[in-house]
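*Asks:* Here you go, one structure.
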Amino acid sequence: EATANWRKRNLASAAAAQQRRRAKKLQRTAAWADHDKIRQFYILARELTEQTGIEHEVDHIFPLQGELVSGLHVETNLQIIPRLVNRSKGARLPGAS
């Protein structure tokens, strides 16, 4: 809720951040990525949200902008998790606290 309020008050900054994220994702998408499988993750996340009433998001297991390691935007690096879990996880590697 706090993030949504911030976005409403800072539309230009929020749009710029979204564009940076989109550009980073494009840079980290491998030529061999299966775009249909990637799209299916986003469809399933939306369906889970609708079915359960709990917001779900597609998460990069290995973050695109990790401190030590950066993952790729490919189907094998994606998982669907609840939004609250994803937001609290941040850009940390699996198993990192």
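The values are calculated or read from the model by the stated rules, or taken from the named source; none is laboratory data. All of these numbers come straight from a predicted model, not from anything done at the bench. So basically every Cβ, Gly included, is an ideal-geometry build from the backbone, and we count neighbours across all protein chains shown. Just the protein is used for accessible areas: all its heavy atoms, side chains included, with ligands, DNA and RNA removed. Shrake-Rupley method; radii C 1.70, N 1.55, O 1.52, S 1.80 Å.
*Asks:* Could you report the chain's accessible area per residue, 1.4 Å probe, as an integer in Å²?
*Replies:* 72 Å²
*Asks:* Moving on to the next point. Pop out the ³J(HN,Hα) list for region 4-15 in order, Karplus 6.51 cos²θ - 1.76 cosθ + 1.60 with θ = phi - 60°, rounded to Hz; leave Gly and Pro as x.
*Replies:* Listing the rounded values in order: 4, 5, 4, 4, 5, 7, 10, 4, 5, 5, 5, 5 Hz.
*Asks:* Express the carbon and sulfur contribution to the solvent-accessible surface of region 22-94 as a percent, rounded to the nearest whole number, probe 1.4 angstrom.
*Replies:* On the way: 2700 of 4860 Å².
On region 22-94, the fraction of accessible area on carbon and sulfur atoms equals 56 percent.
*Asks:* Then there is this: In terms of modelled amide H atoms, which long-range or inter-chain residues lie less than 5 Å from the amide H of residue 71?
*Replies:* 64, 65, 66
*Asks:* So what J values fall out for region 28-44 if you push phi through Karplus, 6.51 cos²θ - 1.76 cosθ + 1.60 with θ = phi - 60°, rounded to Hz, Gly and Pro as x?
*Replies:* 9, 8, 6, 4, 8, 4, 8, 5, 5, 5, 4, 4, 4, 4, 5, 5, 5
*Asks:* Separate question: Modelled label-to-label distance, residue 46 and residue 25, 7 Å Cα→beta-carbon offset: nm?
*Replies:* About 1.2 nm, to one decimal.
*Asks:* Moving on. Evaluate E = 1/(1 + (r/R0)^6) for residue 5 and residue 69, where r is the Cβ-Cβ distance and R0 equals 35 Å; express this FRET efficiency to the nearest 0.05. Walk me through the numbers before you get to the answer.
*Replies:* On the way: r = 33 Å, r/R0 = 0.94.
Result of the calculation: an efficiency of 0.60.
*Asks:* I would also like to ask the following. If amide H atoms are built 1.01 Å from N in the plane of the peptide, which residues on other chains or at least 5 residues away come under 5 Å of the amide H of residue 57?
*Replies:* Amide H neighbours of residue 57: 81, 83.
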